[in-house]
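All remarks here apply to the structure that follows.
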Amino acid sequence: MKKDNLLSNDKTAPIAVPLFAILIGLIVGALIMLCLGYNPLTAYLNLLQGCGLLPKPSYAGYKSMLTDFTSFLNALTPMIFAALSVAVAYKAGLFNIGVSGQMVTAAFVATVLVGYSDLSAWIAKPLVLVIGIIVGALIGGLIGFLKYKFNINEVVSSIMLNYIAQYIISFFIKTRYVDPVSRQSKVISKASRWSMMNTEIGNLKIDLPLAFPIAVIAAIFVYFLLKKTRIGYEIKTVGASRTAAKYAGIKVGGTMVLSMVISGALAGLAGITYYMGYYGSIQPGTLPSMGFDAIAVCLLGNINPIGILFSSFMITAISKGSTYMSSTSGVQAEIVSVITGVILLFSACGAYIRYVAKRRKEDK
């Protein structure tokens, strides 16, 4: 019998399929660039330079490859939290499409309660994390409760809560907390912000993402939770079959609510590190696209917390480096969106790719 190839083998497919999706995306992007008269190798080189993975030919004052890389990590941190949020819900058979609403709500509440206060950094920084976790968990728990108690589809309730959060928060920002110059919410205090912006280290001004280690720890924690604990086993069992889980003595409703509580808490952390870390304010009337991008990033990482670390790194690098690539190579920023879209499309079709690979092997 012919051996399985990398795409059809159950052991190698979780890694091979995402790599295949990335390769296809890069090839498609390169073909588009060639058709438009650009050099794809130069463009991809500029892409890596833009996110600090390769050195640029020259730098402005107080900047270096290190400052570009720390800025990249600053953008990466909330993406990890957001993708982990989607993964936990997905493992329970639920689809948390409300990550964006949970992000902005958690950040707004923390901003109003702590971000505009005179609290010291030792109190403000951990306090905004706690508030973000609580607010996100409450919203996620509400979605899970509505699903369990009234069988309201979590996609519908998540989308509706997104709209509610978007318009209510926009109203309060525009009427009470708006900055007359930027037309966004007033900038939060440095003490409550989870990114130390323009921190002078030697002759450099670096943006230090303080929450990045927490994001990595969160990924390891979620991996351990799902793989090694009873709660994780129950979440995965409910996701696989609620009927089987019920006959196994698992409290299906409680597990669904718990999974959404954990998912919401992670979304809350994403909101804190996005609005009170990477940015220092909230744009009214707009939900963060990261909450929706995280769904595809989660799929690219095979819904595995460790895989999510790498997929978040990949997608954030493409997004972060696109500005420099566009300004240096002249490649339109929309091409980067095409590359990202193709990568995520093929990653979402991972099960079909494995099926086709197995069928081809059987035919041979």
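The values are calculated or read from the model by the stated rules, or taken from the named source; none is laboratory data. All figures in this text were calculated on a predicted structure; none of them were measured in a lab. Note that each Cβ is placed from the backbone with ideal geometry, even for glycine, and that neighbours are counted across all protein chains shown. Accessible surface is based on the protein model in full, side chains and every heavy atom, while ligands, DNA and RNA are left aside. Shrake-Rupley method; radii C 1.70, N 1.55, O 1.52, S 1.80 Å.
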Next on the checklist: Anything in segment 174-198 that is basic (Lys, Arg), outside any loop (DSSP other than H, G, I, E, B) and more than 17 Å from ILE272 (Cβ to Cβ)? List them, or say none.
Outcome noted: LYS174, ARG176
Next on the checklist: Filter segment 80-117 down to the residues that are open to solvent by 10 Å² or more (accessible area, probe 1.4 Å) and either touching a Lys or Arg at 6+ places or on another chain (Cβ under 9 Å) or part of a helix (DSSP H, G or I) (or both) and list them by number.
Outcome noted: TYR90, LYS91, GLY93, THR105, PHE108, VAL109, VAL112, LEU113, TYR116
Checklist entry - Pick from segment 152-173 the residues that are of a type in the set (Val, Ile, Thr) and without any contact (Cβ under 8 Å) to a residue 40 or more places away in the chain: which of them is farthest from ARG183 (Cα to Cα)? => result ILE152
Checklist outcome for this item: In the set ALA137, ALA165, the lone residue that is closer than 16 Å to PRO288 by Cβ and assigned to a helix (DSSP H, G or I) is ALA165
Next on the checklist: Checking the condition surrounded by 13 or more Cβ atoms within 10 Å (Cβ to Cβ), among the aromatic types (Phe, Trp, Tyr) and under 19 Å from the mean Cα position of the chain (by Cα), which residue from PHE212, PHE172 passes?
Outcome noted: PHE212
Checklist entry - Considering only residues of segment 224-249 that are aromatic (Phe, Trp, Tyr) and surrounded by fewer than 14 Cβ atoms within 10 Å (Cβ to Cβ), which is nearest to PRO305 (Cα to Cα)? => result PHE224
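Identify the residue in segment 141-168 that is among the hydroxyl-bearing types (Ser, Thr, Tyr) and open to solvent by less than 60 Å² (accessible area, probe 1.4 Å) and, among all such residues, is nearest to LYS91 (Cα to Cα).
Just the residues of segment 141-168 that are among the hydroxyl-bearing types (Ser, Thr, Tyr), to begin with: 148, 157-158, 163, 167.
Right, trim to open to solvent by less than 60 Å² (accessible area, probe 1.4 Å) and you get 157-158.
Working: SER157: 19, SER158: 17 Å.
Looking at the filtered set, the residue picked out is SER158.
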Checklist outcome for this item: Within segment 285-303, the residues that are touching a Phe, Trp or Tyr at 6+ places or on another chain (Cβ under 9 Å), open to solvent by 20 Å² or more (accessible area, probe 1.4 Å) and over 20 Å from ILE133 (Cα atoms) are GLY285, LEU299, ILE303
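Here is a list: LEU73, LEU31, LEU23, LEU54. Which entry is part of a loop (DSSP other than H, G, I, E, B), aliphatic (A, V, I, L, M) and on the phi < 0 side of the Ramachandran plot? Quick ask: steps written out before the conclusion?
Values: LEU73 fails: part of a loop (DSSP other than H, G, I, E, B); LEU31 fails: part of a loop (DSSP other than H, G, I, E, B); LEU23 fails: part of a loop (DSSP other than H, G, I, E, B).
Just a single option satisfies the conditions, and that option is LEU54.
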Checklist entry - What pairs can you find where one residue is in segment 336-364 and within 28 Å of LEU41 (Cβ to Cβ), the other is part of a helix (DSSP H, G or I) and modelled with pLDDT under 75, and their Cβ atoms are less than 6 Å apart, with a gap of 6+ or different chains? => result none
Checklist outcome for this item: Residue pairs qualifying under the 6 Å Cβ cut-off, at least six apart or on distinct chains, with the first in segment 48-62 being without any contact (Cβ under 8 Å) to a residue 60 or more places away in the chain and the second being of a type in the set (D, E, K, R) and open to solvent by less than 40 Å² (accessible area, probe 1.4 Å), are GLY52/ASP68
Next on the checklist: Contact list please: Cβ distance under 7 Å, first residue in segment 279-299 and over 15 Å from ILE159 (Cβ atoms), second residue assigned to a loop (DSSP other than H, G, I, E, B) and basic (Lys, Arg), pairs at least six apart or on different chains.
Outcome noted: GLY280/ARG193; SER281/LYS186
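Surrounded by 19 or more Cβ atoms within 10 Å (Cβ to Cβ) and touching a residue at least 40 places away in the same chain (Cβ under 8 Å): is that true of GLY321 in this structure?
Details: surrounded by 19 or more Cβ atoms within 10 Å (Cβ to Cβ): yes; touching a residue at least 40 places away in the same chain (Cβ under 8 Å): yes.
Yes, satisfied.
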Next on the checklist: Could you check segment 124-151 and list, in sequence order, the residues that are free of Cβ contacts under 8 Å to residues at least 12 places away in the same chain and among the hydrophobic types (A, V, I, L, M, F, W, C)?
Outcome noted: VAL130, LEU146, PHE150
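Just checking, which of ILE282, ILE272 is in contact with a strand residue (DSSP E or B) (Cβ under 6 Å, 6 or more places away or on another chain), closer than 24 Å to LEU113 by Cα and modelled with pLDDT of 95 or more? It would help to see each step written out before you state the result.
Working: ILE272 fails: in contact with a strand residue (DSSP E or B) (Cβ under 6 Å, 6 or more places away or on another chain).
From the options ILE282, ILE272, the qualifying one is ILE282.
If you go through segment 118-128, how many residues are open to solvent by 10 Å² or more (accessible area, probe 1.4 Å) and within 28 Å of LEU204 (Cβ to Cβ)? Let's see the steps before the verdict.
Going through segment 118-128, the residues open to solvent by 10 Å² or more (accessible area, probe 1.4 Å) turn out to be 118-123, 125-127.
Remaining after also requiring within 28 Å of LEU204 (Cβ to Cβ): 120-122, 125-126.
Count: 5.
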